[in-house]
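Single-structure report; data block below.
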Amino acid sequence: MLIVQKFGGTSVGDLDRIQNVASRVSETKKAGNDVVVVVSAMSGETNKLVGYAEHFSKNPARAEMDMLLSSGERVTAALLAIALQESGIDAIAMTGRQAGIKTDSFHTYARIESIDSQAMQTQIDKGRVVIVAGFQ
């Protein structure tokens, strides 16, 4: 069975919580399921990044804000993949684009236009847990 799990900022708020998420994901995988996980940035990270941008500009360009804010989710995805790998679970972190998610070009208000799940399915077929960075 394919299980999709979503963990928000509080659930991945610090390294201990990411380890707890890794344990939950590991249990799901060891129960014989295919697993895709979507993660948010660690608690407080997005606000910190907005603050950094506002240090330089009261009206930063939307494209740059998308680039900046998506970095928090990428960090969490990578850390979760590392934690899972260390516990013996094969995992891969993917950006939205790597996962096959295509959006329109309305920066900070983008909507999903299509999803080509082939890249994720290829990783699932290899037995990997797929971790997708949210927000993208």
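The values are calculated or read from the model by the stated rules, or taken from the named source; none is laboratory data. Here the structure is a predicted model, which is why all the values come from computation and not from measurement. Here Cβ is always computed from backbone atoms with ideal geometry, including for glycine, and neighbour counts include all displayed protein chains. The accessibility values were calculated without ligands, DNA or RNA, using every heavy atom of the protein model including side chains. Shrake-Rupley method; radii C 1.70, N 1.55, O 1.52, S 1.80 Å.
Can you give the Rg and Dmax of segment 43-101 based on its C-alpha atoms, in angstrom?
Gyration radius and largest Cα-Cα distance of segment 43-101: 14.4, 45 Å.
For I112 and Q85, FRET efficiency with R0 = 22 Å and r from the beta-carbon atoms, rounded to 0.05?
FRET efficiency, Q85 to I112: 0.15.
Roughly how big is the chain's charge dipole about its Cα centre, with Cβ charges of +1 (Lys, Arg) and -1 (Asp, Glu), in debye to the nearest 20?
Charge dipole of the chain: 80 debye, to the nearest 20.
Quantify, in whole percent, the carbon and sulfur part of the accessible surface of the chain (1.4 Å probe; protein heavy atoms only).
52 percent
Given axes a ≥ b ≥ c from the Cα gyration tensor, I'd like to know whether segment 76-136 is rounded (a/c under 1.5), prolate (a/b larger than b/c) or oblate.
oblate
Cα axis of helix 62-86 to longest principal axis of the chain: angle in degrees, 0 to 90, nearest 10?
Between helix and principal axis, roughly 20 degrees.
Solvent-accessible area per residue for segment 14-76 at a 1.4 Å probe radius, Å²?
60 Å²
What angle, in degrees between 0 and 90 and rounded to the nearest 10, separates the Cα long axis of helix 15-30 from the longest principal axis of the Cα atoms of the chain?
Between the helix axis and the principal axis of the chain, the angle is about 40 degrees.
Calculated FRET efficiency, V50 and Q98, Cβ-Cβ r, R0 30 Å, to nearest 0.05?
With R0 = 30 Å, the Cβ-Cβ based efficiency is 0.75.
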